[in-house]
Amino acid sequence: MSGSSPPAPASSALPDRAYSLDATPPTDYEPPLEIDFASASLTAIADHYKTDKGSLKHRYTEVYESYLASLRQRPRLQILEIGVACGASLKMWSKYFRDALVVGVDVREQCAALCRNHARISIRIADARRCRQPETFDVIVDDGSHISADIVDIFRSNWPSLAPGGLYFIEDLKCTHNPLYPKQTAIKAEPGRFQRRHFIEFLDQELISLDWRRSEIESMHFHPELAVMRKAGR
């Protein structure tokens, strides 16, 4: 992989949201012009790089910014995002935070060649359901397969890498109950893994532990399609 050629910079010929889809071959889109990243909102930066975390579709960035704005100037912030697609949201994080080290993890080997012009981004090829990254992260984002059982496996593998007081985000929860999702996604999995019960049983177990004060989770918040968990201890 280290000897692979980087993808050619993409034009804007693809539909904007294509840069966030696993069905799109990894494509290293770089906007033709820069913006003032230091003063731009997270949504503006998301739209600049054409990630659907912003106003292109989900508007997650409005929620993210309410949790993360206070960390924007923190030195050496560590961010892990599971699911790279075309690297658009990795670029977004690296430009929003003054000094963040951003790690992306994906199973597709072609993703390793993305973001090479962004010094604070590294991309690793691994299965996040089974592989824990060695660092400790302040923020972890699960933007992986969105398959119900995978969400649980990714959490179990990666939650130990979250720092005390850190934030863990799970995106696209609608996919756990959308009957069309197994046909829409390019990701292959056993039909049973799509069943929402995996995610609901996981939540129930964690809520019971939280009620008995036996959980490492300090709090859980839910927004449309997005869960936010804060780790206790800071």
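The values are calculated or read from the model by the stated rules, or taken from the named source; none is laboratory data. Being a predicted model, the structure only gives us computed values, none of them experimental. All Cβ positions, even for glycine, are placed from backbone atoms using ideal geometry, and neighbour counts span all protein chains on display. When the accessible area is computed, the model is the full protein with side chains, heavy atoms only, and any ligands, DNA or RNA have been set aside. Shrake-Rupley method; radii C 1.70, N 1.55, O 1.52, S 1.80 Å.
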Average accessible area per residue (Å²) across the chain - probe 1.4 Å, nucleic acids and ligands excluded:
48 Å²
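Divide by every residue of the chain the summed helix terms, -39500 (n - 2.57) for each DSSP H run of at least 4, and state the resulting mean residue ellipticity at 222 nm, rounded to the nearest 500 deg cm²/dmol. Display every interim value, and only then the final one.
Values: 6 runs with 56 residues, N = 234.
Result for the chain, helices only: -7000 deg cm²/dmol.
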Spatial separation of Cα centroids for segment 64-123 and segment 173-202, in angstrom
26 Å
If you roll a 1.4 Å probe over the chain with all protein chains in place, what percent of the accessible area is carbon or sulfur?
52 percent
GNM flexibility winner over the chain from GLY54, GLY165, GLY83 (Cα, springs under 10 Å):
GLY165
Enumerate the lysines that LYS183 could reach by cross-link, defined here as Cα to Cα under 27 Å, with residues fewer than 8 away along the same chain left out.
LYS50, LYS53, LYS57, LYS174
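Hey, got a sec? Which trypsin sites (Lys or Arg not before Pro) in segment 39-78 land in a DSSP loop and have at most 14 other Cβ atoms within 10 Å? Could the numbers behind the result be given before it?
Numbers: sites: LYS50, LYS53, LYS57, ARG59, ARG72, ARG76; in loops: LYS50, LYS53, LYS57, ARG59, ARG72, ARG76.
In loop regions of segment 39-78 (DSSP not H, G, I, E or B), the sparsely surrounded trypsin sites (Lys or Arg not before Pro) are LYS57, ARG76.
I'd like the GluC sites (Glu not before Pro) in segment 106-194 restricted to DSSP loop residues with at most 13 other Cβ atoms within 10 Å, sorted by number. Mind dumping the intermediate values first?
Numbers: sites: GLU109, GLU135, GLU171; in loops: GLU135, GLU171.
In loop regions of segment 106-194 (DSSP not H, G, I, E or B), the sparsely surrounded GluC sites (Glu not before Pro) are GLU135.
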Take the Cα gyration tensor of segment 142-217, multiply each eigenvalue by 5, square-root it, and list the three semi-axes largest first, rounded to whole angstrom.
25, 14, 9
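Order HIS223, HIS58, HIS177 by their accessible area, 1.4 angstrom probe, all chains in place, largest first. List each step's numbers first, then the result.
On the way: HIS223 60, HIS58 30, HIS177 105 Å².
Largest accessible area first, the list is HIS177, HIS223, HIS58.
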